[in-house]
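The values are calculated or read from the model by the stated rules, or taken from the named source; none is laboratory data. Model, not experiment: these values are computed from the prediction. Please note: Cβ atoms are built from the backbone with ideal geometry, for glycine as well, and neighbour counts cover all protein chains shown. Ligands, DNA and RNA are excluded from the accessible area calculation, which covers all protein heavy atoms including side chains. Shrake-Rupley method; radii C 1.70, N 1.55, O 1.52, S 1.80 Å.
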Amino acid sequence: MTKTAERTTGTVEETQDQHSGRPARRRRILLMAVVGITLLGLVALVLAGGIFNQAPTAEPEPTMTAIQIIPLIILVVMFVVATKWPLNIGVMGLVASFGVGYFMLGMTDKEILADFPANIVITIIGVTYFFSMAQRNGTIDIIVQTCARLVRGKTLLLPWVFFLMAAALTALGTFSPAAVALLAPAAIGLAYESRIHPVLMGAFIINGAHAGGFSPLSVAGVLVHDIAVKNGFPISQGALFTASFAINLILSVLTVVLFALLGKLRDGDGQHADLETAATGRPHGQQVLTLALIGALLVCALGFHMPIGFVALSAGLLLALVNIKEHRTFIGGVSWSTVLLVAGMITYVSLLQHVGVIDTLAEQALALGAPLLVALVLCYVIGVGSAFASSTALLTAFIPLAGPLLATSSLSASGTVAALAIAATVVDVSPFSTDGALVVANAREDDRQRVYKQLMMYAGGVVLAAPALAWALLVPTGIM
């Protein structure tokens, strides 16, 4: 009996090694391709003025100096390292800011940290602190299970229910990966139980999380708005949220159509997965208080325009006082990795702006002409890169590039920034991203490889179509 178990375990481990090796090889190949395309694109931007503009002009085309090229190369290396190894790119950004600022530019520590995003850091800490407590005390579970019970007998409505729940969570300030992590276990389990394709359900959760991800209350929405304002082209937060919700809704409808055409709306033979479906009672104690605080959070932030970070910290502190014994575990729920990522990347990109890297790259891109084409290329570069790297990091690096483009063209600031932001996030259905990996991780063990392959195929289609869709609907139309 023991030998049989050992042989079985060995076979499973060998199979898992083979399966894990293939994705690793594919990822390395795709990574090298993306890095190669990125480097070629940077070279093209640097040399484009000299190649395509041979006629004499009143002013010479801007060229990059060594003091600009070296920090730019460091940025590319940071993205490659963070993609290949589990290192926080924000930590690398802070270290690089010190190295470049102190040793190359002779800046003091106060000058290096002059553009440190304190307001965004407070927002991240506040919302993750509060919603980690809402998760731990069972409030999120009550919301999920209540919504799931509302569609009993109409199982094809389940993906839409989870789409809306994910959108609501991120619109209130929950991070996209956190929302997916909260909903995926119940959603994928219900998908198997209801014979809904798990990839379809996973795509709806991720699309929903992105649909609400740029609300005025969300960290991503605040981040994009603040970067745009800082670079001199303020955008409408309401328009950004509406555009993100609409395009993710369109993608979800197209996903249903695609799965219907492929005959994949129903999946499996109706076997039930292990899923706890016990009915939950009414909210009580801390859960009632948490629901009331969520309502108060909405009123304060939307009605009185109070800073969401401080309001969320205040609500979290009130919950902590009610349950003082678990306060340390609540502090552990703060997304410190995201704090480091955003703070480090914004600080380093601000340094690049200080030495003129962003302006020079933007001027070289504009020398190619056709602002609409430049905007489309930026959408695809940020979309392909986000399938492998951090969407937040890429947003902080690419949105400043839109400044000179918008200043010298009639393109809509809100539409162009929204297209870039949406192109950077919708591709997170990739199994190489956190959101996609969470969907694969919650699939049944004997079905995980199939879900991985089909999710990767679906993500490939999204990478090809979504940036063009966002660009076509938001940039040339001038609808925003």
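Observations on the structure shown:
- Filter result for Val381 (surrounded by 19 or more Cβ atoms within 10 Å (Cβ to Cβ), at pLDDT 80 or above, over 27 Å from Gly90 (Cβ atoms) and of a type in the set (A, V, I, L, M, F, W, C)): no
- Val253 being open to solvent by 10 Å² or more (accessible area, probe 1.4 Å) and more than 30 Å from Thr347 (Cβ to Cβ): yes
- Only one of the listed residues (Leu321, Leu298) is open to solvent by 80 Å² or more (accessible area, probe 1.4 Å), among the aliphatic types (A, V, I, L, M) and in a helix (DSSP H, G or I). That residue is Leu321.
- Filter result for the condition that a residue is under 18 Å from the mean Cα position of the chain (by Cα) and either in contact (Cβ under 8 Å) with a residue 24 or more places away in the chain or surrounded by fewer than 23 Cβ atoms within 10 Å (Cβ to Cβ) (or both), over Leu200, Leu150, Leu217, Leu157: Leu217
- Test: residue in region 433-443 that is open to solvent by less than 10 Å² (accessible area, probe 1.4 Å), in contact (Cβ under 8 Å) with a residue 40 or more places away in the chain and over 20 Å from Asn248 (Cα atoms): yes
- Every residue from region 324-339 that is out of contact with any Phe, Trp or Tyr (no Cβ under 9 Å at 6 or more places or on another chain) and open to solvent by less than 30 Å² (accessible area, probe 1.4 Å): Val339
- Members of region 191-217 found to be more than 19 Å from Thr255 (Cα to Cα) and either modelled with pLDDT of 85 or more or among the hydrophobic types (A, V, I, L, M, F, W, C) (or both), listed by number: Gly213, Phe214, Ser215, Pro216, Leu217
- Qualifying positions in region 202-219 - in a helix (DSSP H, G or I) and of a type outside the set (A, V, I, L, M, F, W, C): Gly202, Asn207, Gly208, His210
- The condition of being within 21 Å of Pro177 (Cα to Cα) and not polar (S, T, N, Q) holds for only one of Ala413, Ala424, that being Ala424.
Okay, residues lined up against (1) farther than 21 Å from Thr338 by Cβ; (2) part of a helix (DSSP H, G or I); (3) without any contact (Cβ under 8 Å) to a residue 24 or more places away in the chain:
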{"position": "Pro71", "(1), (2), (3)": "yes, yes, no"}
{"position": "Val80", "(1), (2), (3)": "no, yes, no"}
{"position": "Pro86", "(1), (2), (3)": "no, no, yes"}
{"position": "Met92", "(1), (2), (3)": "no, yes, no"}
{"position": "Val100", "(1), (2), (3)": "yes, yes, no"}
{"position": "Phe103", "(1), (2), (3)": "yes, yes, yes"}
{"position": "Met107", "(1), (2), (3)": "yes, no, yes"}
{"position": "Glu111", "(1), (2), (3)": "yes, yes, yes"}
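- Count of region 220-241 residues, restricted to those that are in a helix (DSSP H, G or I), open to solvent by 10 Å² or more (accessible area, probe 1.4 Å) and in contact with a helix residue (DSSP H, G or I) (Cβ under 9 Å, 6 or more places away or on another chain), is 9.
- Number of positions in region 113-123 that are small (Gly, Ala, Ser), touching a residue at least 40 places away in the same chain (Cβ under 8 Å) and in a helix (DSSP H, G or I): 0
- Some residue of region 414-427 being more than 25 Å from Ala82 (Cα to Cα) and open to solvent by 10 Å² or more (accessible area, probe 1.4 Å): yes
- Residue within region 340-359 that is polar (S, T, N, Q), over 22 Å from Leu72 (Cβ atoms) and surrounded by fewer than 24 Cβ atoms within 10 Å (Cβ to Cβ) present: no
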